[in-house]
1. Kirkwood Rh and Cα-based Rg: tell me the resulting Rg over Rh for the chain, rounded to two decimals.
2. How would Leu57, Leu90 line up from fewest to most surrounding beta-carbon atoms within 10 angstrom?
3. Say the dipole of the chain comes from +1 at the beta carbon of Lys and Arg and -1 at that of Asp and Glu; which of Pro125, Thr26, Gly115 then lies farthest toward its positive end?
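Computed from the coordinates by the stated procedures, all read-outs in this text should not be read as laboratory data. None of these values were measured; they are calculated from a predicted model. Positions of Cβ are generated from backbone atoms using ideal geometry, with glycine treated the same way; all protein chains shown enter the neighbour counts.
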Amino acid sequence: MFPDPTLPASWRSLLAEFRRCFSSSTFPVFCALTTGLVACTRFRTITGMLVGAGMNLLWRHERAHRFFSRACWCIDHVGMVAARLVIATLVEAGAPIVVAIDDSVTRRSGKKVHGAFWQYDGSTPDGRKTSRGNCFVTLGIIVHLPFLPRAVCLPVLVRLYVKDGPFGILEL
């Protein structure tokens with residue numbers, strides 16, 4: 001099931017929480033890519049994640065790329081499992097759950113860029129108020145970690161905003 005039987009039991013149990021989000025063939029790919037994302041020290045790309053997990057010589061790269069292009073899984077299910085884990089492990093019992101929402105514009109140009117259009121961008125550094133690109137709406141949970149003096153936001157859900165989509169939102 002797991003790509004590497006030498007993974008720590010705590011990491012394997014964390015990954016097992018996501019088991020119901022994937023089919024039997026896509027779950028090992030998710031485990032390898034997630035392990036590689038945490039372990040890689042250089043590039044946070046699909047190939048970099050395979051190298052970080054030590055799977056680059058064992059699997060064809062197409063297997064990992066196919067996970068994002070054609071595999072059947074829902075980012076919302078993964079995000080909800082991540083949200084439940086964050087709340088269960090990092091939010092004190094009985095404490096209010098504080099969420100933050102961000103709508104950042106990622107500048108993109110070209111007629112073939114899906115979901116790109118001119119939109120308000122309040123965070124542009126050059127003073128212009130509009131930018132052409134994609135707008136990703138991200139929801140994160142604010143938590144206080146014991147080893148940090150400040151609160152941090154852990155992103156759990158993301159959507160691409162498309163102005164002509166249903167309700168203006170397109171599911172990723």
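1. 1.00
2. Leu57, Leu90
3. Towards the positive end, the residue furthest out is Gly115.
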